[in-house]
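Beneath this line is the structure, given in structure tokens, with notes to follow.
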Amino acid sequence: MPTKIGVVLCGNGVFDGSEIHEAVLTMLALDRAGAEVTLMAPDKPQMHVIDHRTGAEMDETRNVLVESARIARGEIVDVASVKADQFDAVILPGGFGAAKNLCTFATEGAACTVDEDVEKLLQDIHASGKPIAALCIAPAVLARVFGSDFHPEITIGNDTATASVLESMGAKHVAATVADIVIDEANRMITTPCYMLAGRISEVATGAEKAVAALLKMVSETPTATVYRRD
């Protein structure tokens, strides 16, 4: 049977949703590896809408699930409708939507909250000993969900200000280059900077492909008891 991977999207477009290159390259790497992919997103209004030509905020409202469906070619489900036992692992591509729509990190920093359905899915995946990967700024979601109890080792690259905020939530930040992935074996998490550092799409592809390969390798391995331990 193919490995079943859940991919959590957060809209459509880097400034207010999913980073499209990161999302598509993640999907491509998973498909080339023969994985069965389920795309999902929260069914709720996104934080705001940005004109990607000018960077200006627009006076309109869009839905995270509806916008994510553009990337998914319509084949997408509400994250509230899925259960952890449907998947072998979960991966979160980045984009500002991860910090605006999956959580409130963009506006509230260390005091942020995570969408309750996304949080439940991640908690259940982790409690089952299944791996999680996150790209770009999406590791902020992991810092909020798991930082205080499990202190995951994660990376967003080398931005010291952002890294400091993640560490204030309990995560352990590891500085990385654009081609690096950071693997937390104990918590079974993989992170990579992608467009936090990338200057071109080929660099994003390198990080996304490495993260997917590490995620699929981790799926095949037996989790350690450390995953279930809280400090």
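Readers should treat all values here as calculations from the given coordinates under stated rules, not as data from a laboratory. Everything quoted here is computed from the prediction, not taken from an experiment. Glycine also receives a Cβ, built like all others from the backbone with ideal geometry; neighbour counts cover every protein chain displayed.
Distances between placed amide hydrogens fall under 5 Å for Glu153 paired with Lys172, all partners being 5 or more residues away or on another chain. Using only side-chain charges placed at the Cβ, +1 for Lys and Arg and -1 for Asp and Glu, the dipole size of the chain relative to its Cα centre rounds to 400 debye.
Here the sum of -39500 (n - 2.57) over DSSP H runs of 4 or more residues, divided by the residues of the chain, equals -10500 deg cm²/dmol at 222 nm, to the nearest 500. Sequentially through segment 5-11, phi angles give Karplus couplings (6.51, -1.76, 1.60; θ = phi - 60°) of 10, x, 10, 9, 9, 9, x Hz, Gly and Pro residues having no value and appearing as x.
Positive contributions from Lys and Arg (+1) and negative ones from Asp and Glu (-1), summed over other residues with Cβ under 15 Å from the Cβ of Ala133, come out at -4. Rounded to whole numbers, the Karplus 3J(HN,Hα) couplings from phi for segment 186-199 are 5, 8, 6, 10, 10, 9, 8, x, 6, 6, 5, 10, 5, x Hz, using 6.51 cos²θ - 1.76 cosθ + 1.60 with θ = phi - 60°, and x at Gly and Pro. Between the amide H of Ala134 and those of Leu92, Ile190, Thr191, Thr192, distances stay under 5 Å, these residues lying 5 or more places away or on another chain, with hydrogens modeled in the peptide plane. Projecting the Cα atoms of Asn101, Ala127, Leu9 onto the charge dipole of the chain (Cβ charges, centred on the Cα centre) puts Ala127 farthest toward the positive pole. Taking only the alpha carbons of segment 16-102, we obtain Rg and Dmax values of 13.6, 42 Å in that order. Size descriptor for segment 100-231, Kirkwood hydrodynamic radius: 14.6 Å (Cα pairs only, one decimal). In the calculated pair-distance distribution of the chain, the portion above 25 angstrom amounts to 32 percent of the Cα-Cα pairs. In order along segment 96-101, phi translates into HN-Hα couplings of 4, x, 5, 9, 10, 10 Hz, rounded to whole numbers, per the Karplus curve 6.51 cos²θ - 1.76 cosθ + 1.60 with θ = phi - 60° and x for Gly and Pro. Computed packing ranks the peptides 52-61, 159-168, 82-91 as 82-91, 159-168, 52-61, most packed first, by mean other Cβ atoms within 10 Å. Amide H contacts under 5 Å for Asn63: Gln46, restricted to partners 5 or more places along the chain or on a different chain, H placed in the peptide plane at 1.01 Å from N. Ranking Gly199, Ile156, Ser220 by Cα position along the charge dipole of segment 4-228, where only Lys, Arg, Asp and Glu carry charges on their C-beta atoms, puts Ser220 farthest toward the positive end.
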